[in-house]
Every structure is written in C-alpha cells, then in structure tokens.
Amino acid sequence: MAVYAVGVVKRFKKVAALQSVDLKVRVGEVHVIAGHNGAGKSTLFKIIVGLIRRDAGKVNVLGVDPSTPAMRNIIKQIGYVPEDASPYERLTGYEYLRFFARLYAERPEEVDDIVSRGVAISGLGDKELKRKAGEYSNGMKRRLLIARALMYRPSLVLLDEPTNGLDVFSAHDVRQLIKSLSRGGVTFIIATHNMAEAEYLADRVTFMAYGKSLFTGTPKEVMETFNGENLEDAFVKAVRSLEAGRG
C-alpha cells in the first residue's frame with residue numbers, strides 16, 4: 001500500500017473534523033476521495049503529508065508514520081498541491097520552477113533537468129513562463145503548481161480539488177495530465193467534490209461525508225452497491241442513508 005490509514009480521528013477544539021476514517025491506496029492507482037465541501041478531505045490530506053497530527057488512529061505513508069521525524073526521509077517522494085495554493089506571484093514561471101528545483105535537487109547539476117521536466121509538464125509556452133505568475137489565469141496557475149509538484153518525479157502525488165475554478169479547457173488538460181502520468185506508475189490521491197471528475201479519473205474511489213469514510217471500491221462497484229445510475233447518484237444515496245441513520 002502507498003497509503004494505509006485506519007480509524008483516523010482529528011478534532012479542532014469541539015469540532016470533529018475526522019471521525020474514524022479509513023483509507024487504503026494501492027501503489028500505482030488513481031484513488032479519488034469524493035465528498036462534499038467540509039467532508040474532511042483536506043484535513044485528511046494534511047495528516048497524510050505530515051502538516052498536522054491526528055488525534056487517534058494509524059497512518060502509514062510509503063512505509064512511514066507521517067507524524068514521526070522519519071517523514072523527512074520520504075518527503076521528496078511526495079508531491080502535494082492544496083486546494084488554496086498559489087504560486088509566488090512576483091516570480092516568473094521559470095523562476096518559480098527553478099526555485100523549487102533547487103530545493104529538491106540532490107546535486108546542483110540536476111536543477112536544469114528538473115526545470116525542463118516542469119516546463120514540459122506545465123504545458124506553458126516560453127512566453128507565458130517568462131511572465132510573472134501574478135499575471136496568470138487560474139488555469140495557468142494551477143498548471144504551474146501541478147508542474148512544481150510533479151517535476152522531481154515523486155512516487156505519490158496528492159491533489160486537492162485540482163480542477164476547481166478552472167475553465168473547461170484547463171480542467172480537461174489537467175485531467176489528461178493525471179491520466180498520462182498515472183500510466184507511468186505515479187500513485188495519485190485526488191480529493192474532489194466533482195463526481196463526474198471522480199468517475200472519469202478513479203481506479204478506485206472512497207466516499208467521504210461528515211468526516212467519515214463511507215465506502216471504497218471501483219466506480220462500478222460503488223454504483224452497484226448504492227444502486228446509482230452514476231457516481232453522483234450513488235454518492236447522494238450513500239449520504240442520505242448515512243443521514244437517515246443519524247436520525
């Protein structure tokens with residue numbers, strides 16, 4: 001397993017953001033965590049990458065507990081783009097990629113190759129990359145962020161709402177990029193509330209609602225389990241069943 005999480009709990013004061021969440025992500029798959037806004041997806045991501053500590057449960061990421069110092073040994077194997085991330089707006093696209101390439105390169109002579117990969121992944125032209133990121137459209141910024149997360153060849157990539165706010169063309173390009181890289185063996189965990197996107201991208205999907213993991217399976221298995229015409233229909237039925245059980 002690339003990621004193994006069982007019984008994860010996270011509270012913020014009196015609010016339970018996560019309530020006994022389970023997540024098992026296989027190496028090389030595109031695993032989509034699908035849920036409404038506020039379901040706990042972003043909180044789970046932050047626990048997986050070691051930004052915040054869980055209050056209970058077990059988490060293993062690439063063989064390491066992310067709450068321990070050992071996480072530092074694998075951090076370069078993980079790419080992460082939060083939902084609200086933005087590139088440094090005073091840097092050009094080239095400068096932004098080079099800044100992070102220097103952070104992640106094992107040797108100075110690797111920097112140019114890493115930047116070249118970032119340029120290729122971004123799909124942005126020379127003219128765009130010479131402009132300051134503050135002048136970019138939302139789609140261009142998202143492509144630059146994803147390029148930054150992928151250019152040093154991580155084995156695990158977490159993308160939080162990767163196409164949120166993008167126009168149809170930019171969203172299409174981002175999805176095609178994910179598909180292409182997954183065929184090359186990269187493990188993706190994608191959080192989204194867009195059920196059509198989840199159905200298109202996922203090898204397996206985990207439904208989340210109200211801080212709980214509800215079900216995991218292939219899109220077909222999920223739709224069959226909840227008798228849904230599509231993934232959106234299945235999700236609505238799963239959540240309404242949960243709500244009915246809560247009284």
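Extending 7 Å from Cα along the Cβ direction at Leu51 and again at Arg107 yields two label points whose distance is 3.4 nm. Taking amide H as placed 1.01 Å from N in the peptide plane, Arg54 has no amide H partner under 5 Å among residues 5 or more places away or on another chain.
Estimated at 0.36 nm per residue, the fully extended path between Thr68 and Thr218 surpasses their Cα-Cα distance by 50.8 nm.
Put in line by how crowded their Cβ is, counting other Cβ atoms within 10 Å and starting with the fewest, Ile33, Ile178 read Ile178, Ile33. Structure remark: mean-square fluctuation, Gaussian network model of the chain, C-alpha springs under 10 Å; the largest value among Glu161, Glu135, Glu83 belongs to Glu135. Ordered by the number of other Cβ atoms lying within 10 Å of each residue's own Cβ, fewest first, Ile121, Ile47 fall into the sequence Ile121, Ile47.
Helix 111-122 and the longest principal axis of the Cα set of the chain meet at an angle near 60°. Placing a pseudo-label 7 Å from each Cα along the Cα-to-Cβ vector at Lys127 and Val6 gives an inter-label distance of 5.6 nm. Counting only lysines at least 8 places from Lys14 when in the same chain, those with an alpha carbon closer than 20 Å to its own are Lys41, Lys46, Lys212. Backbone amide hydrogens, once placed in the peptide plane, bring Tyr80 within less than 5 Å of Leu158, excluding anything fewer than 5 places away on its chain. Counting 0.36 nm for each residue step from Arg183 to Tyr88 and taking away their Cα separation leaves a gain of 31.2 nm.
Averaging the Cα positions of each part gives two centres, and for region 136-158 and region 6-50 these lie 21 Å apart. The relative contact order of the chain comes to 27 percent, based on Cα pairs under 8 Å that sit 6 or more residues apart.
For the chain, set up a GNM with springs between Cα atoms under 10 Å and report which of Gly35, Gly125, Gly57 has the largest fluctuation. In this elastic network of the chain, the residue with the biggest mean-square fluctuation among Gly35, Gly125, Gly57 is Gly125. By the count of neighbouring beta-carbon atoms within 10 Å, fewest first, Phe100, Phe188 end up ordered Phe100, Phe188.
Every number here is computed from the coordinates shown, using simple stated rules; none is lab data. Because the structure is a prediction, the values reported are computed rather than measured. Positions of Cβ are generated from backbone atoms using ideal geometry, with glycine treated the same way; all protein chains shown enter the neighbour counts.
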